[in-house]
Amino acid sequence: MNYPFFLPPPPPFSFIPFPPPNPILVRPPPLYCPPPLYCPPPPHFFPTTNTGIHWKKPPLGFVKLNTDASYKYNCSKSSVAGVCRDEHGIWLFGFSSRVKSGSAFEAELLAVREALKLAWDKGLKRVIVESDSESVVNRIRNQLTRQPKNQIEAVILECQSYVSREWNCFLQHTHREGNFAADALTKIIISESFELHVFNHPPKSLSLILLADKIGMAVPRHGALDRNQIGHLKVLKRELLARNLHWY
């Protein structure tokens, strides 16, 4: 069955259109999923808590790729990371890498470029890329320079080139509370080399964060779950495992 999706016209002064709204139709959950396919738990099983700012699932048929960067002022090394999930909040892949950057802006920009490149190379067709750096998102959307004067402008042009290719790719800003998983992944450094590391499976240390995103739990502004939230998530995690259900 084909399900329609809706792409709004681009804003009048924006290089990149805003993402499509959530479609009206909702795909019914599968009645049976033979192994090894993933069979998501029924929607009513998760006690969604749609209060406060939290990560939001992409529309039907899209994937969402959240990016973040960790910039260190006392050295030229930064870390960038990204987390890609589908419409059910299921992990598709993640990445992290060391990069050379002269500012936090440049580090966030390099994270977006790496996400776009990886999504394109993997053949994804409907992608929403989110960054919690509003200045990076606006700069990619609005830069009109075609002859870059520096490295930053060259990277922005590269990002614009990726977005304008033959696919449905949207770039948008999200608050830090909606970018918790990507932020946590920037702190997991596999090595000190500049080689890109791709995570086909999420690190175990992200399991509670991914579950919090799955149920729409609001993340505090300081970027850490409080004791009550962690306790609630651990109870839910045990119940899921006892029923042999998976959330990522």
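The values are calculated or read from the model by the stated rules, or taken from the named source; none is laboratory data. Computed from a predicted structure; not experimentally measured. All Cβ positions, glycine included, derive from the backbone under ideal geometry; neighbour counts span all protein chains shown. Calculation scope for accessible area: heavy atoms of the full protein, side chains included, ligands and nucleic acids excluded. Shrake-Rupley method; radii C 1.70, N 1.55, O 1.52, S 1.80 Å.
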Quick one: would you say R126 is open to solvent by 20 Å² or more (accessible area, probe 1.4 Å) and touching a Gly at 6+ places or on another chain (Cβ under 6 Å)?
yes
So which of A154, A181, A218, A224 ends up being under 18 Å from K56 (Cβ atoms), open to solvent by less than 50 Å² (accessible area, probe 1.4 Å) and either out of contact with any His (no Cβ under 7 Å at 6 or more places or on another chain) or of a type outside the set (G, A, S) (or both)?
A181
Keeping to the stretch 152-187, report how many residues are outside any helix (DSSP H, G or I), among the charged types (D, E, K, R) and in contact (Cβ under 8 Å) with a residue 60 or more places away in the chain.
1
Residues (open to solvent by 90 Å² or more (accessible area, probe 1.4 Å) and either within 22 Å of L92 (Cβ to Cβ) or among the acidic types (D, E) (or both)) located in the stretch 234-245
L241, N244
Residues satisfying the stated conditions in the stretch 70-97, i.e. open to solvent by 20 Å² or more (accessible area, probe 1.4 Å) and not aromatic (F, W, Y)
S70, K72, N74, C75, S76, K77, D86, E87, H88, L92
